[in-house]
Amino acid sequence: MADFDFADIAPPLTPDYALLEANKCLFCHDAPCTLACPTHIDVPAFIKKIATGNLRGSARVILEPNPFGHSCARACPVEVLCEGACVLNDRDEQPIKIALLQRHATDYVLERKLKLFQAGKPTGKKVAIVGAGPAGLSCARDLRRAGHAVTVFEAKPLPGGLSTYGIAEYKLKADVALAEVQDILDLGVELKLGVMIESLGPLLEEYDAVFVGVGLGRTKSLGIPGEELEGVVDALTFIEHLKTHPYHETRVGKRVLVIGAGNTAIDAVTQAKRLGAEESTIVYRRGEDDMPCYDYEYELAKRDGCAFRFHALPKRIVGNGRVEGLEVETSDKKCETIPCDMIIVAIGQGPRGEFVVPQGNPRVFVGGDCANGGAEIVNAAAEGVAVARRIHELLGRSHG
Ligand SMILES: Cc1cc2nc3c(=O)[nH]c(=O)nc-3n(C[C@H](O)[C@H](O)[C@H](O)COP(=O)(O)OP(=O)(O)OC[C@H]3O[C@@H](n4cnc5c(N)ncnc54)[C@H](O)[C@@H]3O)c2cc1C
Ligand code: SF4
């Protein structure tokens, strides 16, 4: 709909622009961009292939170490990763647009459904993966390439984890995330959707190894009175609804307060604004310099016209059945009620508590957000790939 601006904030490069940009790369020998990328994509190599018109080869260089290279091209915080490390920054020039070049090459293969990887010769070994997020599916892809049978158990109705359900709509849309997932599933991964695993015991009886990539749990609650009022939602529920429904079906208030100042809070405040909130405001108990979000995310929220209330500690949500305001304590210890008709809670996710991962069992592996405490898609992909290698070593076969 014309009223909702969820167009890509970083639109794709035209073929001519991509060539021009690729030819600006200095192809550094000890490429700092490659070192800064958690999956260590050989950035100069894939850019060189773009410069010579070999987009398929370029995509292979990207996707070999990073099965989520399509999502990462749209969602990676490149300012603090590859592009932040580009040597051109030291010359006060713009860094090479690595993510957009990565998108140029990976879109080429995704849109044409080109198959770059094959399943390996069957080894007769079976691996169970709990969670179809970037960690679990990255692990699944490389296990299939090595010839192991893989079954992925996923609690949600769709695969992809937060790459499908969580990334801001103006960065990555669910259908693109799902196309990338399908590419991995096409290697012969068995996917069981809508299955919540509650214990690893039965899986350990049936499978040779188990990978746990369950991500983080629900958004933490504030623990203040009034959280049960209508109009108070948690950030993940709000974003998930937006990403899986036509835009007009996601309810948004006129005056929205988002509690928290991390990247998820920024995603919530900007998306509330883009859904039509007249005022969309971050409420944060500390100061501007303490905000945990990336600087460029903060800049984006300011550009979107979002407002910020610093040094405001939430004490109570007020309302009569429905939320009407948020009582906060200001830095001079005064109480003030900020009027609103919607509150989005974005103070971080808690750990998953569905089951206990047995410690010290050599057939159980863990990776992604549930192991690293919450990072980015690229970290989950890197860990999934690394664990696939370890499982393959355990199962004792050479790579197919
Ligand atoms: C709002 C938000 C915005 C983000 N934005 C970005 C961004 O812009 N760029 C970026 O790179 N990263 C971003 N991230 C982080 C990124 O999405 C995660 O780091 C990444 O998805 C982690 O992958 P994962 O596979 O470890 O976990 P997840 O993606 O969480 O996947 C775990 C999967 O396991 C399933 N599961 C859980 N328990 C069970 C069970 N018991 N049985 C079966 N299935 C189960 C879940 O349903 C889920 O599908 C964002 C995160 C959030 C919350
Ligand atoms: S995966 Fe992310 S960090 Fe790595 S090179 Fe690509 S855009 Fe940069």
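The values are calculated or read from the model by the stated rules, or taken from the named source; none is laboratory data. Keep in mind the model is a prediction, meaning the values are calculated, not measured. Note: ideal-geometry Cβ built from the backbone for every residue, glycine included; neighbour counts use all protein chains shown. Accessible surface areas use protein heavy atoms only, side chains included; no ligands, DNA or RNA. Shrake-Rupley method; radii C 1.70, N 1.55, O 1.52, S 1.80 Å.
Side notes on the structure shown:
- The set of residues in region 14-48 that are of a type outside the set (A, V, I, L, M, F, W, C) and open to solvent by 70 Å² or more (accessible area, probe 1.4 Å) comprises Thr14, Pro15, Asp16, Tyr17, Asn23, Lys24, His29, Asp30, His40, Asp42, Lys48.
- The listed residue being assigned by TED's automatic domain parsing to the domain that holds Arg145 and more than 25 Å from Asn379 (Cβ to Cβ), out of Val195, Val212, Val189: Val195
- Test for Arg316: is it closer than 23 Å to Arg218 by Cβ and open to solvent by 70 Å² or more (accessible area, probe 1.4 Å): yes
- Within region 330-368, the residues that satisfy the criterion of being more than 24 Å from Ala272 (Cβ to Cβ) and of a type in the set (Asp, Glu) are Asp332, Glu354.
- For region 49-63, a residue qualifies if it is farther than 22 Å from Ala382 by Cα and either among the aromatic types (Phe, Trp, Tyr) or surrounded by fewer than 16 Cβ atoms within 10 Å (Cβ to Cβ) (or both), and the qualifying residues are Thr52, Gly53, Asn54.
- Where strands (runs of 3 or more DSSP E) sit wholly within region 274-327, those with at least 1 residues that are within 24 Å of the chain's Cα centre (by Cα) and either among the β-branched types (Val, Ile, Thr) or outside the structural domain of Pro339 (by TED's automatic domain parsing) (or both) occupy 279-283.
- In the set (1) without any contact (Cβ under 8 Å) to a residue 24 or more places away in the chain; (2) in a loop (DSSP other than H, G, I, E, B), Ala7 fails one condition alone, (1).
- The residues in region 144-158 that are assigned to a loop (DSSP other than H, G, I, E, B) and open to solvent by less than 10 Å² (accessible area, probe 1.4 Å) can be counted, and the count is 3.
Let's see how each residue does on (1) more than 30 Å from Asn320 (Cβ to Cβ); (2) aliphatic (A, V, I, L, M):
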| residue | (1), (2) |
| --- | --- |
| Gly160 | yes, no |
| Tyr165 | yes, no |
| Gly213 | yes, no |
| Thr219 | no, no |
| Gly223 | no, no |
| Ala235 | no, yes |
| His241 | no, no |
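Quick grid of which residues meet (1) modelled with pLDDT of 95 or more; (2) within 24 Å of Gly384 (Cβ to Cβ); (3) within 16 Å of ligand 1 (Cβ to nearest atom); (4) not in a strand (DSSP E or B):
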| site | (1), (2), (3), (4) |
| --- | --- |
| Ile41 | yes, yes, yes, yes |
| Lys49 | yes, no, no, yes |
| Ala73 | yes, yes, yes, yes |
| Ile96 | yes, no, no, yes |
| Ala99 | yes, yes, yes, yes |
| Ala128 | yes, yes, yes, no |
